[in-house]
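The structure under discussion appears below in the form of C-alpha cells.
No value in this document is a laboratory result; all are computed from the given coordinates. Because the structure is a prediction, the values reported are computed rather than measured. Cβ atoms come from the backbone with ideal geometry, glycine included; neighbour counts cover every protein chain shown.
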Amino acid sequence: MTAPAHLAVGAAICSRVRRPWLGLALAFGAHFLLDAIPHFEQAHLVGEAIGLPGRYVWAAFGATTFGALTLVVLLLARRFRARPAHPRLRYLIAGGLLSDLPDCLKYLGGAESWFGRFHSAFHAQPYWGTALYRLFAEPPVPATRPIPDEVLIHSPWAWLGWLLMIAFELAVTIIAAAVALTPPSGRSRRA
Ligand SMILES: [Zn+2]
C-alpha cells in the first residue's frame, strides 16, 4: 500500500499499545498484512488509458502522498502542540516510520534481494479490477488465461475494481489516522 496507509496504521497501533517494544514490532509486522490486501498498483494502465506515461500518474500519486503526509504531521503537531518532545508523539512517529520501513528496505536492497522477494510474497493476487473483469465480462475469461492490458483499460469492471481498491486504501488510511489522533479513552487529558 502507499506510505500514508502504512504510516497511519503504524501510528494507530502504537497509539493503542502501551509497551513500545510490542507496539513497534506490531507496527513493523502490520506492513506485510496490509500489503497482503490487494491494493492499487496499476498506474501504468491508467496512464495508458489517459494517454500519459505511467510515471506521471505515479508522480500525481506521490504528490498526493506528500500532501497527505504533511496533513498528518500537522495534525499530530496540533495534538501535541504543547509538548513537541512528548514521548508518546515520538513513539507514534517511530511506529509510523517503522511500519513504512519495509518499502524503503525493498527499494534499497532491490526487488531481487531476499528481502525484496520476501516483501513481494505478501502482495496478494488478483487485483480487484482483474477479479471483477473475470467475474462479469462477456464472454467469460478462464482463470488460467492472462487478460491483456488493452482489454483491461477499456473495461468498466476493471476501472470499478481499481476505484474500489483506492477507496478501500483511503478508508484504511483515514480510519487509522483518526485512531492515531484520538487519545485513548480515560487518558484523554494526558494524551
Ligand atoms: Zn510494502
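Key figures for this structure:
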{"item": "The chain - mean residue ellipticity at 222 nm from DSSP helices (-39,500 (n - 2.57) per run, n ≥ 4, rounded to 500)", "result": "-23000 deg cm²/dmol"}
{"item": "Folded to 0 to 90 degrees: helix 87-109 orientation relative to the chain principal axis, Cα", "result": "30 degrees"}
{"item": "Degrees, to the nearest 10: 156-181 long Cα axis against longest axis of the chain", "result": "0 degrees"}
{"item": "Neighbour-count order for ARG18, ARG55, fewest beta carbons within 10 angstrom listed first", "result": "ARG18, ARG55"}
{"item": "For SER113, SER99, order by how many other beta-carbon atoms lie within 10 Å, fewest first", "result": "SER113, SER99"}
{"item": "Top of LEU71, LEU24, LEU92 by mean-square fluctuation, Gaussian network on the chain, Cα under 10 Å", "result": "LEU71"}
{"item": "Likely footprinting exposure, HIS39, HIS31, fewest C-beta neighbours within 10 Å first", "result": "HIS39, HIS31"}
{"item": "Loop-located trypsin sites (Lys or Arg not before Pro) in region 98-191 whose Cβ has at most 15 other Cβ within 10 Å (DSSP)", "result": "ARG187"}
{"item": "Rg/Rh for the chain, where both radii come from Cα atoms and Rh is the Kirkwood radius", "result": "1.04"}
